[in-house]
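Shown next, in structure tokens, is the structure this report addresses.
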Amino acid sequence: MKTATATAHSNIALVKYWGKRAGVDPSLNLPAVGSLSMTLDGLKTVTTVVPGDVDSFELDGQRISGKPEQKVYAFLDRLWASAHSSPRPACTVTSINHLPTAAGLASSASGFAALTLSGAAAFGLDLPAAELSKWARMGSGSAARSVFGGFVRLDAGTEPDGSDCIARPLASADGWPLRLVVVQTTRGSKPIGSTEGMQASRDTSPYYQPWVDTSIPDLDAAQAAIEARDLPGLGAIVEHSCFKMHACMMATVPPIVYWKPASLGVIQEVWAAREDGLHGYVTMDAGPHVKVVCLEQDAEAIATRCRSVPGVEEITICAPGPAASVEVSA
């Protein structure tokens with residue numbers, strides 16, 4: 001076993017992912033719908049896997065135990081067993097999130113993508129990007145996309161083994177100078193985790209099946225807009241996908257409402273800015289923060305307007321980011 005350090009960037013789904021596929025092996029973590037995302041240059045996780053005397057997991061300088069640690073090492077057990085018959089050697093995992101953890105900014109995407117690359121390299125597995133993406137998906141559905149840079153599509157697929165649930169890059173990080181204005185509207189972790197929320201929506205929301213049924217047309221239309229560099233076309237799909245997903249959440253029993261007053265205030269401010277000629281389009285994940293897709297030249301002006309909204313905590317402007325990378329040492 002070697003020491004390996006991987007860097008993976010968060011991504012934000014422009015066409016949303018919400019829900020797990022039913023009737024398949026849950027360990028495959030197969031999504032019910034496909035998704036399309038933009039990898040972000042400013043938000044990342046750096047994870048190191050090194051040989052150790054005992055298993056130990058540290059996140060952001062804190063020793064982590066319980067379910068989070070169990071999930072990390074169950075993932076590494078499975079990754080090791082894919083190529084080795086011997087027991088997995090003990091290892092220390094140290095991870096730093098250069099973004100808020102479990103707050104609706106896709107820290108699980110960058111986290112499990114970084115763990116996948118560092119774990120595979122430490123275990124001596126020489127895997128192509130598509131295979132790394134498959135493994136990352138088993139840790140977190142959105143992590144499959146963070147293996148790649150730029151704009152990425154993940155298809156849900158139909159095969160029970162997940163062989164056609166594949167992420168693939170659509171456009172490179174420098175292929176279209178868009179920006180994502182990330183507007184944080186609160187501090188701390190979100191009250192309901194995504195896995196728990198997805199299960200509740202599937203079980204109780206009357207809007208869940210229509211959400212699933214309309215996902216592929218959204219994906220195809222968004223991909224066409226990216227290929228044509230059509231921001232108004234992409235923006236319309238981005239907002240439609242976002243509000244469909246949150247409608248599904250809100251109709252869950254009990255309702256799942258991540259929004260804060262500042263979230264709605266930012267949305268309304270972006271729409272007002274659009275009336276004034278600033279072409280920004282809003283999206284929100286399973287959390288209270290608002291992200292605005294816009295052209296590079298409009299990003300600062302949109303950020304300035306969003307800062308005027310009461311309750312806004314912090315704003316980060318991100319460009320399309322690179323693919324995940326790894327460095328190995330003896």
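The values are calculated or read from the model by the stated rules, or taken from the named source; none is laboratory data. Note that this is a predicted model, so its numbers are computed, not measured. Cβ atoms come from the backbone with ideal geometry, glycine included; neighbour counts cover every protein chain shown.
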- Message: For residue 164, only one of the following conditions fails: (1) part of a loop (DSSP other than H, G, I, E, B); (2) free of Cβ contacts under 8 Å to residues at least 40 places away in the same chain; (3) under 23 Å from residue 9 (Cβ atoms). What is its number?
- Response: (3)
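Tally the residues that are in contact (Cβ under 8 Å) with a residue 24 or more places away in the chain, of a type outside the set (A, V, I, L, M, F, W, C) and either touching a helix residue (DSSP H, G or I) at 6+ places or on another chain (Cβ under 9 Å) or buried (at least 24 other Cβ atoms within 10 Å of the Cβ) (or both), restricting the search to the range 275-297.
First, the residues of the range 275-297 that are in contact (Cβ under 8 Å) with a residue 24 or more places away in the chain: 278-296.
Going one step further and asking which of them are of a type outside the set (A, V, I, L, M, F, W, C), we end up with 279-281, 283, 285, 287-289, 291, 296.
Narrowing further to those that are either touching a helix residue (DSSP H, G or I) at 6+ places or on another chain (Cβ under 9 Å) or buried (at least 24 other Cβ atoms within 10 Å of the Cβ) (or both): 279-281, 283, 285, 287-289, 291.
Of the residues in that region, 9 qualify.
Could you tell me how many of the residues in the range 280-301 are touching a Gly at 6+ places or on another chain (Cβ under 7 Å) and either of a type in the set (Ser, Thr, Tyr) or under 13 Å from residue 231 (Cβ atoms) (or both)? Write out each step before concluding.
Of the residues in the range 280-301, the ones touching a Gly at 6+ places or on another chain (Cβ under 7 Å) are 281, 285-289, 292-294, 298.
In the following step, the residues that additionally are either of a type in the set (Ser, Thr, Tyr) or under 13 Å from residue 231 (Cβ atoms) (or both) were identified as 281, 292-294, 298.
The number of residues fulfilling the criteria is 5.
Conditions tested, residue by residue: (1) of a type in the set (A, V, I, L, M); (2) at pLDDT below 95.
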{"site": "125", "(1), (2)": "yes, no"}
{"site": "140", "(1), (2)": "no, yes"}
{"site": "143", "(1), (2)": "yes, no"}
{"site": "152", "(1), (2)": "yes, no"}
{"site": "155", "(1), (2)": "no, no"}
{"site": "169", "(1), (2)": "no, no"}
{"site": "173", "(1), (2)": "yes, yes"}
{"site": "176", "(1), (2)": "no, yes"}
{"site": "179", "(1), (2)": "no, no"}
- Note on the structure: Per the filter on the range 310-330, residues within 22 Å of residue 47 (Cα to Cα) and not hydrophobic (A, V, I, L, M, F, W, C) are 320, 321, 322, 325, 327, 329
- Query: Got a sec? Which of 153, 145 is within 16 Å of residue 10 (Cα to Cα) and surrounded by fewer than 24 Cβ atoms within 10 Å (Cβ to Cβ)?
  - Reply: 153
- Residue check, residue 23 against (1) over 21 Å from the mean Cα position of the chain (by Cα); (2) over 30 Å from residue 238 (Cα atoms); (3) not β-branched (Val, Ile, Thr), all met but one. Which one? (2)
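Of the residues 202, 229, which single one is in contact with a Phe, Trp or Tyr (Cβ under 7 Å, 6 or more places away or on another chain), among the basic types (Lys, Arg) and more than 30 Å from residue 304 (Cα to Cα)? First the steps, then the outcome.
Values: 229 fails: more than 30 Å from residue 304 (Cα to Cα).
Result of the check over 202, 229: 202.
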- Evaluate the range 265-280: report whether one residue or more is modelled with pLDDT of 95 or more, in a helix (DSSP H, G or I) and under 22 Å from the mean Cα position of the chain (by Cα). yes
- Message: Out of everything in the range 260-274 that is under 11 Å from residue 311 (Cβ atoms) and in contact (Cβ under 8 Å) with a residue 24 or more places away in the chain, what residue ends up being surrounded by the most Cβ atoms within 10 Å (Cβ to Cβ)?
- Response: 266
- Message: Condition (residue is touching a residue at least 60 places away in the same chain (Cβ under 8 Å) and touching an Asp or Glu at 6+ places or on another chain (Cβ under 8 Å)) applied to the range 196-216: is it met by at least one residue?
- Response: no
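Let me confirm something: among 139, 119, which residue is buried (at least 21 other Cβ atoms within 10 Å of the Cβ), out of contact with any Ser or Thr (no Cβ under 8 Å at 6 or more places or on another chain) and in contact (Cβ under 8 Å) with a residue 24 or more places away in the chain?
119
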- The correct count of residues that are closer than 24 Å to residue 288 by Cα and surrounded by fewer than 20 Cβ atoms within 10 Å (Cβ to Cβ) in the range 215-231 is 0
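Got a sec? Which of 232, 254 is part of a loop (DSSP other than H, G, I, E, B) and either under 19 Å from the mean Cα position of the chain (by Cα) or modelled with pLDDT of 95 or more (or both)?
254
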